[in-house]
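Visitor: Take this structure first; my questions come after.
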Amino acid sequence: MHTLLAFITGSNLLWAGLLFGFIFGVLLHRGGVTDFNVIVKQFLFRDFTVLKVMFTAIVVGGVGLFILHGQELSNWHIKPANMLAVILGALLFGIGMVIYGYCPGTGIAAIATGKLDALVGFLGMLVGAAAYALCYDWIAANILPVADLGKKRLPELTTLPEWVWYAGLVVMAAVVFALVARFEKTQSKIS
């Protein structure tokens, strides 16, 4: 494994990023989340494909990173926990996802499948990114310092060991999947 990681450096790192990005896009498409209707139905609580695909990705990615870090095959690059910025960003992200009908990743994957509505939204993302860059000095002075916890992770902010957080993530996913399955079964009986 260390030999493989030694190979993925320099320009090979860029090619690996392109390859894994392509694979991620294909998996998003195969998972059905590049379809505008699937995402809109998620917000209407009629189709939980997005929840299932994304929660699975979060659990696999989180546990995978935990294992890789434990084997000293990865490093943490912790960003500051600017809580006001996180809350405002989450609100903007959610509103944008409802209006756009895609999240940024699924939107780009949808563009690759030829969906023009996703292309229009992508242009909106570029405009939003430019607006953010132009306003960054104001944001850095007025939003980022509010409720800034510094470069912290949940294990550092609590007394719980790291493995407990990852185990909790897996348990939470299992509970959510069970509740969704029960809800879907109830809905299919009603229909």
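Visitor: Considering only residues that are assigned to a loop (DSSP other than H, G, I, E, B) and open to solvent by 80 Å² or more (accessible area, probe 1.4 Å), look in the range 150-177 and name the one that is farthest from ILE58 (Cα to Cα).
Guide: Residue satisfying both the conditions and the ranking: THR159.
Visitor: Moving on to the next point. Of (1) at negative phi; (2) open to solvent by less than 50 Å² (accessible area, probe 1.4 Å), ALA141 satisfies all except one. Which?
Guide: In the conditions (1) at negative phi; (2) open to solvent by less than 50 Å² (accessible area, probe 1.4 Å), ALA141 misses (2) alone.
Visitor: Go through ILE143, ILE95, ILE139 for me and flag whichever is free of Cβ contacts under 8 Å to residues at least 24 places away in the same chain and β-branched (Val, Ile, Thr).
Guide: ILE95 is the lone residue from the list that is free of Cβ contacts under 8 Å to residues at least 24 places away in the same chain and β-branched (Val, Ile, Thr).
Visitor: Return the only residue of ASP35, ASP47 being open to solvent by less than 60 Å² (accessible area, probe 1.4 Å) and closer than 27 Å to VAL127 by Cα.
Guide: ASP35
Visitor: Can I ask one more? Which of the following residues is under 19 Å from the mean Cα position of the chain (by Cα) and without any contact (Cβ under 8 Å) to a residue 24 or more places away in the chain: LEU179, LEU154, LEU169, LEU160?
Guide: That would be LEU154, the only listed residue that is under 19 Å from the mean Cα position of the chain (by Cα) and without any contact (Cβ under 8 Å) to a residue 24 or more places away in the chain.
Visitor: While we're here: Consider the range 57-79. How many of its residues are surrounded by 14 or more Cβ atoms within 10 Å (Cβ to Cβ) and touching a residue at least 60 places away in the same chain (Cβ under 8 Å)?
Guide: 4
The values are calculated or read from the model by the stated rules, or taken from the named source; none is laboratory data. The structure presented is a predicted model; accordingly, all values stated were derived computationally and were not measured. A quick note on method: Cβ atoms are made from the backbone with ideal geometry, for glycine too, and the neighbour counts reach across all protein chains shown. In case anyone asks, the SASA skips ligands and DNA or RNA and just uses the protein heavy atoms, side chains included. Shrake-Rupley method; radii C 1.70, N 1.55, O 1.52, S 1.80 Å.
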